[in-house]
Amino acid sequence: MAGSDHPLPERISEAEHAVMEALWNRGTLTAAEVCEEVCEKRSWSLATVKTLLSRLVQKQAIETRPDGRRFLYSPMIQRSDYVGGESRRLVDRLFGGKAASLVAHLAQSEALSEDDLTEIETLLKELKQ
């Protein structure tokens with residue numbers, strides 16, 4: 001699997017992200033195995049999963065290789081790299097690149113609980129050391 005030097009793929013849709021989560025959680029899977037993870041929850045068919053897998057291969061987010069009469073799919077990017085990239089895109093797009101503005105917005109809109117604030121404070125103290 002690629003490290004953080006691997007360029008992030010073009011934007012992954014919410015549906016494609018569900019497929020990525022299945023692969024990140026379980027590793028290399030067949031289309032049928034991905035479907036076992038996501039189809040029932042989302043009322044998807046195997047054909048839908050195969051379409052999403054094909055898109056993710058085109059975006060170079062996953063790789064595929066034949067295994068007899070089926071194909072195996074594996075992530076090419078790590079979840080942490082993807083989350084980091086998406087977080088940066090969100091902060092850049094909505095908060096002018098300032099993460100503090102995001103935290104302030106969440107605090108003002110009461111989206112952060114006392115536990116969240118405590119966790120953020122602890123994280124900030126660790127980062128300053």
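For Glu119, the accessible area of its heavy atoms, probed at 1.4 Å with every protein chain present, is near 130 square angstrom.
Spin-label pair Arg89-Arg26: with each label point 7 Å from Cα along the Cα-Cβ axis, the two points sit 2.5 nm from one another. If R0 is 41 Å, the Cβ-Cβ spacing of Arg79 and Lys128 corresponds to a FRET efficiency of close to 0.95. Here the chain has 50 percent of its accessible surface on carbon and sulfur atoms, given a 1.4 Å probe and all protein chains in place. Rolling a 1.4 angstrom probe over the protein heavy atoms with all chains in place gives the stretch 17-129 an accessible area of 67 Å² per residue.
Only Lys, Arg, Asp and Glu carry charge here, each on its Cβ (+1 for the first two, -1 for the last two); on that basis the chain has a dipole of about 640 debye about its Cα centre. Summarising the amide proton neighbourhood of Ala61: residues at separation of 5 or more, or on other chains, whose placed amide H is nearer than 5 Å comprise an empty set. Straight-line reach from Lys50: taking Cα to Cα under 22 Å and skipping same-chain neighbours fewer than 8 places apart, the lysines in range are Lys41, Lys59.
Ranked by solvent-accessible area (1.4 Å probe, protein heavy atoms only, all chains present), the residues Val57, Val19 order from largest to smallest as Val57, Val19.
Taking 0.36 nm per residue of separation and subtracting the current Cα-Cα distance, fully stretching the chain between Lys41 and Gln60 would add 4.3 nm. Rg and Dmax of the chain, based on Cα coordinates, read 18.0, 55 Å.
The values are calculated or read from the model by the stated rules, or taken from the named source; none is laboratory data. No experiment lies behind these values; they were computed from the predicted model shown. Neighbour counts run over all protein chains shown; Cβ positions are idealised from the backbone, glycine included. Calculation scope for accessible area: heavy atoms of the full protein, side chains included, ligands and nucleic acids excluded. Shrake-Rupley method; radii C 1.70, N 1.55, O 1.52, S 1.80 Å.
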